[in-house]
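Everything below concerns the one structure shown next.
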Amino acid sequence: MIGYQDYSQFKDLREAKDYIMATKGMTDRQAQKWLSEKVPLESYYQRKIIEWLDENAKGKAFYWKAAQGPYSRSGIPDVCVIIEGRFYGLEVKRPFFGVVSENQKKVKREIEAIGGKVYIVTYVKEVAEILLPLLKE
């Protein structure tokens, strides 16, 4: 059975729905509703990524959760990381339901045009694959 937070074993929503329909005896519509209610919100994954950074990047990187508000620039990646003077943005998306906005795509292009990197991620393991090689001493 799948855990509450980890849906990474499924390549897409269709595969997750098929699994839920088979294991729970639900219809397609019921499985869609079940997943939309059970898959944690983006903030859950953002928090897990920050916790991972706290455990693995302290003293090796400067990082922060970008705040959203009336005076902030929209489209900035959710989590920003600087390692050895290079910027890495982590745009965190909810599994199956998260969509990268046009503004986020535009900001990603702008950041990458000046040498930074932006990654679209969901799970801590994706962040670890990207950042661990950069955090080695």
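The values are calculated or read from the model by the stated rules, or taken from the named source; none is laboratory data. As the structure is a computational prediction, the values presented were derived from the model and not from experiment. Here the Cβ is made from the backbone with ideal geometry for all residues, glycine too, and neighbour counts use every protein chain on show. Quick note on the areas: whole protein, heavy atoms, side chains included, nothing else; ligands and nucleic acids left out. Shrake-Rupley method; radii C 1.70, N 1.55, O 1.52, S 1.80 Å.
What pairs come out if I take residues in region 31-54 that are open to solvent by less than 50 Å² (accessible area, probe 1.4 Å) and pair them with residues that are aromatic (Phe, Trp, Tyr) and at pLDDT 95 or above whose C-beta lies under 6 Å away, six or more apart or interchain?
LEU53/TYR63
Being touching a Phe, Trp or Tyr at 6+ places or on another chain (Cβ under 8 Å), of a type outside the set (Lys, Arg) and within 16 Å of PHE97 (Cβ to Cβ) is the filter here; which residues of region 20-38 pass it?
The initial filter retains those residues of region 20-38 that are touching a Phe, Trp or Tyr at 6+ places or on another chain (Cβ under 8 Å), namely 20, 24, 26, 35-36, 38.
Pick out the ones that are also of a type outside the set (Lys, Arg) and you get 20, 26, 35-36.
ILE20, LEU35, SER36, listed by residue number.
Any residue at all in region 51-61 that's of a type in the set (Lys, Arg), modelled with pLDDT of 95 or more and in a helix (DSSP H, G or I)? Before the answer, list the steps.
So the first thing to find is which residues in region 51-61 are of a type in the set (Lys, Arg), and the list is 58, 60.
Cutting the leftovers down to modelled with pLDDT of 95 or more gives us 60.
So of that shortlist, the ones also in a helix (DSSP H, G or I) come out as none.
Looking through region 51-61, none of the residues is of a type in the set (Lys, Arg), modelled with pLDDT of 95 or more and in a helix (DSSP H, G or I).
Restricting region 4-49 to residues that are β-branched (Val, Ile, Thr) and in a loop (DSSP other than H, G, I, E, B), which is farthest from the chain's Cα centre (by Cα)? Before the answer, list the steps.
Applying the first criterion (β-branched (Val, Ile, Thr)) to region 4-49 yields 20, 23, 27, 39, 49.
Narrowing the set further to residues that are in a loop (DSSP other than H, G, I, E, B) leaves 27, 39.
On the way: THR27: 28, VAL39: 13 Å.
Filtering first and then ranking leaves THR27.
Go through region 55-65 and give me each residue that's open to solvent by 70 Å² or more (accessible area, probe 1.4 Å) and under 21 Å from LYS93 (Cα atoms). Step through it out loud before you land on a result.
Of region 55-65, the ones open to solvent by 70 Å² or more (accessible area, probe 1.4 Å) are 55, 58-60, 62, 64-65.
If the condition is that a residue be open to solvent by 70 Å² or more (accessible area, probe 1.4 Å) and under 21 Å from LYS93 (Cα atoms), then TRP64, LYS65 are the ones that fit.
List every residue pair whose Cβ atoms lie under 9 Å apart, where the two residues are 6 or more positions apart in sequence or sit on different chains, the first residue falls within region 96-111 and is free of Cβ contacts under 8 Å to residues at least 40 places away in the same chain, and the second residue, located anywhere, is in a helix (DSSP H, G or I) and buried (at least 18 other Cβ atoms within 10 Å of the Cβ).
VAL100/LYS108
Kindly state which strands (runs of 3 or more DSSP E) lie completely within region 67-137 and contain at least 2 residues that are closer than 27 Å to GLU15 by Cβ and either open to solvent by less than 20 Å² (accessible area, probe 1.4 Å) or touching a strand residue (DSSP E or B) at 6+ places or on another chain (Cβ under 6 Å) (or both). So that I can check it myself, show each step before the final result.
On the way: elements: 79-83, 86-92, 117-121.
Once the strands (runs of 3 or more DSSP E) in region 67-137 are filtered for at least 2 residues that are closer than 27 Å to GLU15 by Cβ and either open to solvent by less than 20 Å² (accessible area, probe 1.4 Å) or touching a strand residue (DSSP E or B) at 6+ places or on another chain (Cβ under 6 Å) (or both), what remains is 86-92, 117-121.
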